[in-house]
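Heads up: the structure comes next, in structure tokens.
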Amino acid sequence: METLTLLGSGIWAAASDPMMLLAILIGALVGLLIGALPGLGPTAGVAIMLPVAVGFEPVVALAMLAGVYYGAMFGGAVTSILLGIPGDAPSVMTVIDGYPMAKQGKAGQALGMSVYASFVGGLVGLVGLTLMAQIFSRYALMFGPVEMTALMILSLSLVTVLGTNDRLKSFISLGLGLWIGTIGLDQIMGGPRFTYGSSILLEGIDFSLIAVGMFGLGQMFLALEEGPASRVDMASYSYRSMMPRWIDFIKCRAALFTGSIIGFVVGVLPGAGATAATMMAYATAKKMSKEPEKFGTGAIEGVAAPEAANNSASYGNMVTLFTLGIPGSATMAVMMAGLLMLGLQPGPRLFEQQSEFVWTLFGTFYIGNLLLVFITILLVPILAAAVFVSRGLLFAMVIGVVVYGIYGINLSLDDLLVMAAFGVLGYVTSKLNYPTVPLILGVVIGPMLELGVRRSLITSRGDFSIFLGSSISVFLLVCTVIILVLPLFRRFRHSRALSTEQSA
Amino acid sequence: MSTLKIMGVAAGLALGFATLPALAFEPERDVTIVVTSSAGGGSDTATRILASVIDELELTPVNFLVENRTGGSGSVGYSFVAGRTGDPYLWTKVGVSFFTTPLMGESPVSYTDFTPLAAISVDPYIMVVAANSPIQSLDDIIESGRMISGTTGIVADPALLAQKLQEELEIEVDIVPFGGDGEVTAALLGGHIEVQFGNPSEVLELIEAGEVRAIAASSDRRVPGFDDIPTFVELGYDVVQTQLRGFVMPRDVPEDAVGYWTAIIEQAVASPQWKEQYLDRFNAIPYVLSGAEFQAEMDRRNEEYTELMTTLGIIE
């Protein structure tokens with residue numbers, strides 16, 4: 001009850017201060033833009049704003065930085081849906097159903113759902129952050145290398161859900177992704193792997209380059225082949241079509257709910273990240289759906305689940321920073337630097353000692369979330385007009401923007417070459433009907449799995465029984481076995497049923 | 001809370017500092033400081049604060065631009081700076097990768113390809129254990145004969161520290177590399193590792209909140225703000241390891257320019273503004289060296305990293 005009072009006064013303090021509202025607005029707008037710009041993601045966005053923000057009063061500064069962060073989560077969906085190019089890493093999964101929807105003339109519906117999913121996910125994440133942060137921070141600490149390994153094994157088993165019916169091609173694609181994930185300096189032993197003496201590959205391949213290259217450029221290369229004839233079915237982009245119909249909302253309620261919960265629970269874990277959360281949310285939504293075959297061809301739940309998850313994860317990510325002073329991701333490390341530069345000491349006593357600061361800041365999050373819904377709804381029809389632009393013009397512009405965004409990450413021309421290489425890879429794999437999603441899954445999950453296994457084995461000195469020594473780990477491993485075995489069991493029953501039918 | 005406070009304008013008091021030794025070099029252009037890690041990291045923060053202190057004190061008519069050139073584990077930024085020989089308006093910040101990436105043969109330039117300006121501070125490390133850990137002192141670790149410690153990377157100071165303790169305490173050490181300080185702290189609090197060597201500013205709050213217990217400090221003297229915590233040396237073990245912060249320029253920069261910028265850094269880090277905004281806030285220890293002394297310090301550190309990486313089998 002006391003928490004609610006504190007939160008209420010925090011929201012009021014944030015809402016009644018025009019300076020604060022302006023900061024939230026600027027942060028959210030910058031975030032939206034950076035999120036939508038392919039390549040630059042939330043970490044870069046917060047880092048870009050940091051030197052500007054530290055000139056302000058602490059609450060205003062942090063409200064702005066956080067605005068960039070959750071704003072980027074909203075914005076990432078825009079290019080994912082309209083152009084099939086993920087605006088940032090956590091919106092990769094949104095491409096898979098969002099872009100087909102746009103091609104079918106349902107861009108408004110998809111964008112509308114992404115706004116609502118972002119809002120619902122954000123709200124669930126916020127409630128978790130503001131009302132249950134202490135509980136969740138303790139839970140996050142229980143996830144050490146052993147538990148993380150088990151979670152990543154569970155995530156990898158999702159390839160059976162995320163791949164296509166061609167199992168062999170799905171697994172080859174996964175294997176390729178796992179291999180790409182090992183490129184760069186080995187974090188455990190320190191030596192370079194598969195860099196072939198090139199310093200470009202030393203820090204590994206930025207996930208944005210892979211995502212933008214494979215989805216964005218790869219799809220563009222494919223489309224060029226189709227020629228100018230195949231124009232998008234002109235849909236109406238009235239405000240009316242922007243609003244998800246209630247039936248969509250009801251249809252997606254399970255995907256929204258599980259997406260939000262998975263996003264938060266995974267986002268809380270230090271080192272796990274929003275992208276992994278969106279993959280789990282998407283796979284779960286597909287698994288639970290009555291029509292899983294529609295996923296990948298424009299299922300609206302396929303937009304709802306990952307968008308709810310990445311927004312929810314963004315608040316989950318803040319839990320350990322505010323309760324313990326532990327940044328759980330690169331973006332949070334930048335936020336923490338901001339706190340320190342402003343003379344605020346993040347740590348377990350922040351809630352007590354800087355109570356007003358924390359609650360006002362949390363208040364700004366609620367306002368920012370609501371604000372973003374209005375901003376995005378207003379902006380989307382303008383953005384959605386992109387589909388009316390002829391392909392020749394559009395592709396040229398998009399490539400310009402993509403090049404700018406990717407170059408902006410490190411100011412490196414080498415990154416552009418790497419991205420182009422992935423564009424070619426994306427084109428080739430699509431041509432040969434290899435699914436892209438398992439590859440992306442491998443790139444994201446592989447390194448976390450490898451690090452988990454090796455860290456665990458260092459502490460146990462090579463004894464594999466450590467993975468059975470934790471109840472969380474055992475639980476997750478049992479879930480994995482169930483996921484893997486259940487379809488086999490079903491198929492077995494199905495074929496037996498068939499054969500009895502035939503013999504009857 | 002509605003007033004806008006712009007930091008740069010706030011301090012018009014520091015005019016007394018603006019007198020410089022009469023030198024031939026007169027800066028005409030803005031200075032670029034290349035930081036090879038991303039914005040918000042320790043190197044970036046120290047650099048930006050130094051730049052803003054120099055600006056606040058009006059030590060020089062020109063401005064400082066901090067530019068993050070990341071990639072290639074530092075080799076991208078460092079080779080950019082080293083390639084601009086003779087440029088008197090280009091600095092870069094010394095970090096761990098300044099030494100380690102060239103040692104691995106992954107950079108076309110090494111620490112000897114630069115002109116030293118000045119070292120400004122060292123960051124000590126505080127050895128901490130979780131509050132519920134049975135470890136109360138170094139003796140407990142010696143008794144158990146083994147220690148599982150976390151590090152921010154395998155070629156990083158906490159790993160070097162663990163390695164040194166392995167020899168000095170005659171124990172076996174398992175070093176688990178994580179993706180950053182935050183992950184190490186989370187693993188420590190969750191009981192997944194036993195020991196962390198943390199940045200003072202990050203562990204101070206955890207110590208005061210009773211989440212972790214400090215065992216020893218890695219500097220040669222006690223850390224400001226941690227006056228009760230003994231150093232390893234005081235406890236009888238010859239272990240000192242700190243992170244050096246300093247700035248260098250490309251080769252062949254005219255001597256008077258080097259002297260000019262060195263004097264500016266020295267004045268800035270002697271100011272109360274620097275103490276308040278950096279040293280006190282980040283619990284860093286002032287450590288000001290220039291010229292040959294700074295070069296000798298870098299030689300020594302390079303030697304240490306070479307040794308560590310050879311021991312770990314990363315280089316031969």
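The values are calculated or read from the model by the stated rules, or taken from the named source; none is laboratory data. What you see is a predicted model; the values in this text were computed from it and never measured. In this analysis, Cβ positions are derived from the backbone assuming ideal geometry, glycine residues included, and neighbour counts consider all displayed protein chains.
Brief remarks follow.
- Close Cβ contacts (under 7 Å, 6 or more residues apart or on different chains) running from residues in region B:223-243 that are farther than 13 Å from B:P200 by Cα to residues that are acidic (D, E) and crowded, with 20+ Cβ neighbours inside 10 Å comprise B:Q241/B:D157.
- Close pairs (8 angstrom Cβ cut-off, 6 or more residues apart or separate chains): surrounded by 12 or more Cβ atoms within 10 Å (Cβ to Cβ) in region A:461-480, assigned to a loop (DSSP other than H, G, I, E, B) anywhere: A:S470/A:G144; A:I472/A:M142; A:I472/A:F143
- Residues satisfying the criterion are present in region A:334-348 (criterion: facing chain B (nearest Cβ under 9 Å), buried (at least 24 other Cβ atoms within 10 Å of the Cβ) and more than 22 Å from A:A44 (Cβ to Cβ)).
- Any chance A:F322 is more than 14 Å from chain B (Cβ to nearest Cβ), touching a residue at least 40 places away in the same chain (Cβ under 8 Å) and farther than 30 Å from A:I96 by Cβ: no
- Flag if A:M73 is crowded, with 19+ Cβ neighbours inside 10 Å, farther than 15 Å from A:N310 by Cβ and out of contact with any Lys or Arg (no Cβ under 8 Å at 6 or more places or on another chain): no
- In the set (1) under 19 Å from B:G41 (Cβ atoms); (2) touching a residue at least 60 places away in the same chain (Cβ under 8 Å); (3) within 10 Å of chain A (Cβ to nearest Cβ), the condition left unmet by B:I207 is number (1).
- Selection status of B:G86, modelled with pLDDT of 75 or more, surrounded by fewer than 16 Cβ atoms within 10 Å (Cβ to Cβ) and either in contact with a helix residue (DSSP H, G or I) (Cβ under 7 Å, 6 or more places away or on another chain) or outside the structural domain of B:I154 (by TED's automatic domain parsing) (or both): yes
- Hey, B:V258 surrounded by 16 or more Cβ atoms within 10 Å (Cβ to Cβ) and outside any helix (DSSP H, G or I) or not: no
- Verdict on A:S9 being in contact (Cβ under 8 Å) with a residue 12 or more places away in the chain, more than 14 Å from every other protein chain (Cβ to nearest Cβ), part of a helix (DSSP H, G or I) and among the polar types (S, T, N, Q): no
For (1) at positive phi; (2) outside any helix (DSSP H, G or I); (3) buried (at least 18 other Cβ atoms within 10 Å of the Cβ), each residue gets a yes or a no:
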residue: B:M127; (1), (2), (3): no, yes, yes
residue: B:D139; (1), (2), (3): no, no, no
residue: B:E143; (1), (2), (3): no, no, no
residue: B:S149; (1), (2), (3): no, yes, yes
residue: B:L165; (1), (2), (3): no, no, yes
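- Of all residues in region B:273-286, none satisfies being free of Cβ contacts under 8 Å to residues at least 12 places away in the same chain and not assigned by TED's automatic domain parsing to the domain that holds B:S110.
- Meets criteria (touching a Ser or Thr at 6+ places or on another chain (Cβ under 8 Å), closer than 25 Å to B:P102 by Cβ and of a type outside the set (A, V, I, L, M, F, W, C)) for B:Q295: no
- Scanning region A:99-147 for residues that are over 20 Å from A:G328 (Cα atoms) and of a type in the set (F, W, Y) returns A:Y99, A:Y116, A:F119.
- Considering region B:48-68, and only residues there that are touching a residue at least 60 places away in the same chain (Cβ under 8 Å) and within 12 Å of chain A (Cβ to nearest Cβ), the residue that is nearest to B:V35 (Cα to Cα) turns out to be B:I49.
- Matching residues in region A:334-347 - criterion: being outside any helix (DSSP H, G or I) and aliphatic (A, V, I, L, M): A:L342, A:L344
- Qualifying residue in region A:175-183 (condition: in a loop (DSSP other than H, G, I, E, B), surrounded by fewer than 16 Cβ atoms within 10 Å (Cβ to Cβ) and either of a type in the set (D, E) or at pLDDT 90 or above (or both)): no
- When the criteria are applied in full, A:G452 meets the requirement of being over 14 Å from A:Q219 (Cα atoms), in contact with a Ser or Thr (Cβ under 7 Å, 6 or more places away or on another chain) and either within 14 Å of chain B (Cβ to nearest Cβ) or in a helix (DSSP H, G or I) (or both).
- Listed by first and then second residue, the pairs linking a residue in region A:393-413 that is within 17 Å of A:A89 (Cβ to Cβ) to a residue that is among the β-branched types (V, I, T) and part of a helix (DSSP H, G or I), with Cβ atoms under 7 Å apart and 6 or more places separating them unless they lie on different chains, are A:V402/A:V212; A:I406/A:V212.
- Candidates A:T364, A:T331, filtered to the one that is within 11 Å of chain B (Cβ to nearest Cβ) and either over 26 Å from A:F74 (Cβ atoms) or not in a loop (DSSP other than H, G, I, E, B) (or both): A:T331
- Every residue from region A:140-174 that is touching a helix residue (DSSP H, G or I) at 6+ places or on another chain (Cβ under 8 Å), among the β-branched types (V, I, T) and either farther than 19 Å from A:L486 by Cα or surrounded by 17 or more Cβ atoms within 10 Å (Cβ to Cβ) (or both): A:V146, A:T149, A:I153, A:V159, A:T160, A:V161
- Unmet criterion (only one of (1) part of a loop (DSSP other than H, G, I, E, B); (2) among the hydroxyl-bearing types (S, T, Y); (3) under 21 Å from B:I49 (Cβ atoms)) for B:Y237: (3)
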